[in-house]
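Student: A single structure is presented below for examination.
The values are calculated or read from the model by the stated rules, or taken from the named source; none is laboratory data. All values derive from a computational prediction rather than experimental measurement. Cβ placement follows ideal geometry from the backbone for every residue including glycine, while neighbour counts extend to all protein chains displayed. These area figures cover heavy atoms from the full protein model, side chains too; ligands, DNA and RNA do not enter into them. Shrake-Rupley method; radii C 1.70, N 1.55, O 1.52, S 1.80 Å.
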Amino acid sequence: MEKVIYLDHAATTPTRKEVADAMYPYFTDKFGNPSSIYGIAAQNKNIINQVRETIAKTLNAKSEEIYFTAGGTESDNWAIKATAEAYKQKGNHIITTKIEHHAVLHTCQYLEKNGFEITYLDVDESGKIKLEQLQKAIRPTTILISIMFANNEIGTIEPIKEIGKIAKTHGILFHTDAVQAYGQVPIDVEEYQIDMLSASGHKLNGPKGIGFLYIRRGLKLSSFIHGGAQERRRRAGTENVPGIVGLGKAVEMAFADMKERAERETQLRDYLMNRIMAEVPYVRVNGDRVNRLPNNVNMSFQFIEGESLLIMLDMKGICASSGSACTSGSLDPSHVLLAIGLPHEIAHGSLRITLGFENTKEEIDFTIDAIKEIVEKLRNMSPLYEDFIKEKKR
Ligand code: PLP
């Protein structure tokens with residue numbers, strides 16, 4: 001196959017070469033356990049704390065508020081389960097949304113089986129929560145609001161500042177899953193009044209299996225993993241030093257060029273969306289047109305199976321996603337697309353393209369041509385489309 005065009009950066013990103021180079025010595029010469037007292041090992045403790053400091057600065061947080069985890073899923077689990085455990089005397093009610101990642105949704109469903117009550121907020125057709133609905137959902141027993149910063153399928157950015165304000169006014173903790181947003185858009189935990197924030201290394205050109213949870217100082221959260229004294233006794237286990245070093249380098253690089261990268265990706269994103277909208281009939285863009293991650297395009301093509309489109313794009317070397325659960329063996333369309341009100345048959349014809357720093361305009365032009373050709377081919381094979389066109393001509 002010719003060169004691969006990778007357009008699925010919401011799933012994972014290629015690790016930057018500089019990141020892999022920075023990690024390498026920590027597998028070989030600098031392999032010491034940070035808890036040991038001799039020099040080569042103890043140095044690693046300093047390195048870990050330097051990365052903590054680097055990350056804290058990007059969020060306007062303090063370094064002791066950053067806890068390393070194995071990634072976004074663990075951070076989400078920790079924030080939600082530990083809040084439930086620590087604040088159960090105060091109440092048993094948690095508010096989240098219908099469009100969260102499964103790391104949040106399944107954690108909430110688990111808590112429901114253990115006596116907690118969860119409100120799953122609706123979203124409007126652009127994927128944003130309704131602030132009045134959030135206000136109304138608050139009860140005297142509400143202990144946590146967990147709402148994602150930006151959605152992984154449709155890219156919509158939630159009104160985080162307003163949510164933080166509401167949470168603060170009612171004395172409720174606010175957790176945000178920022179796995180897709182961190183490194184893409186500026187985040188200030190003070191300005192947005194965020195109490196806990198999840199992020200993951202492999203979404204910002206860092207390694208897999210490493211992430212962090214920001215926990216505001218003073219929160220009485222329970223330990224997530226019990227054992228040794230690592231991460232101030234809150235998350236035991238020998239630290240993933242190469243992973244932490246890689247995360248640190250990836251964060252440095254992501255924040256060094258965030259503004260320019262976002263501008264470039266926004267231009268490519270809009271170019272792709274506008275050309276497809278102009279050149280392909282019966283297509284709609286999903287997600288908010290303005291408050292949207294710079295790298296996310298999500299479109300639904302009528303009379304098309306998203307799976308077939310993906311397979312045919314793959315045959316041309318283009319990696320994208322259907323943004324649905326189909327790939328996991330389920331025929332249910334994405335819970336996010338259903339939550340924004342798409343009928344099943346439209347949700348099934350969806351395509352998610354997520355850009356990265358390495359994508360070029362030539363790649364996007366090639367992709368647009370490929371989409372046009374494949375959509376036409378698939379529609380010509382579709383009895384539904386044939387009936388639709390016959391009906392239209394009548
Ligand atoms: N939350 C969101 C919004 C995500 O997009 C993802 C990954 O796709 C996760 C959580 C899980 O992150 P990780 O793969 O690091 O466990």
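Student: Quick one: is Ala10 within 16 Å of the ligand (Cβ to nearest atom), at pLDDT 95 or above and open to solvent by less than 20 Å² (accessible area, probe 1.4 Å)?
Tutor: yes
Student: If only one of Thr69, Thr107, Thr83 is over 25 Å from Asn296 (Cβ atoms), of a type in the set (Ser, Thr, Tyr) and either in contact with an Asp or Glu (Cβ under 9 Å, 6 or more places away or on another chain) or modelled with pLDDT of 95 or more (or both), which one is it?
Tutor: Within the list Thr69, Thr107, Thr83, the selection yields Thr83.
Student: So which residues in the stretch 122-144 are out of contact with any Leu (no Cβ under 6 Å at 6 or more places or on another chain), part of a strand (DSSP E or B) and within 16 Å of the ligand (Cβ to nearest atom)?
Tutor: Correct list: Val123 only.
Student: Of the conditions (1) modelled with pLDDT of 95 or more; (2) away from the ligand (no atom under 16 Å from the Cβ); (3) surrounded by fewer than 19 Cβ atoms within 10 Å (Cβ to Cβ), Val51 fails just one. Which one is it?
Tutor: Every listed condition holds for Val51 apart from (3).
Student: Six or more apart or on different chains, Cβ atoms under 7 Å: show the pairs whose first residue is in the stretch 343-359 and of a type in the set (Phe, Trp, Tyr) and whose second is assigned to a helix (DSSP H, G or I) and surrounded by fewer than 24 Cβ atoms within 10 Å (Cβ to Cβ).
Tutor: Within 7 Å, the pairs are Phe357/Arg261.
Student: Please go through the stretch 197-227 and pick out each residue that is surrounded by 24 or more Cβ atoms within 10 Å (Cβ to Cβ) and among the hydroxyl-bearing types (Ser, Thr, Tyr).
Tutor: Once the filter is applied, which keeps residues that are surrounded by 24 or more Cβ atoms within 10 Å (Cβ to Cβ) and among the hydroxyl-bearing types (Ser, Thr, Tyr), the stretch 197-227 yields Ser198, Ser200, Tyr214.
Student: To continue, here is another question. Of everything in the stretch 136-174, what is surrounded by fewer than 21 Cβ atoms within 10 Å (Cβ to Cβ), within 16 Å of Glu191 (Cα to Cα) and among the aliphatic types (A, V, I, L, M)? Give them in sequence order.
Tutor: Of everything in the stretch 136-174, just one residue is surrounded by fewer than 21 Cβ atoms within 10 Å (Cβ to Cβ), within 16 Å of Glu191 (Cα to Cα) and among the aliphatic types (A, V, I, L, M), namely Ile166.
Student: For the stretch 353-373, indicate whether the set of residues that are buried (at least 23 other Cβ atoms within 10 Å of the Cβ) and in a loop (DSSP other than H, G, I, E, B) is non-empty.
Tutor: Yes - at least one qualifying residue is present in the stretch 353-373.
Student: Hey, another quick one. Could we say that Ile118 is open to solvent by 10 Å² or more (accessible area, probe 1.4 Å) and more than 11 Å from the ligand (Cβ to nearest atom) here?
Tutor: Yes: the conditions hold for Ile118.
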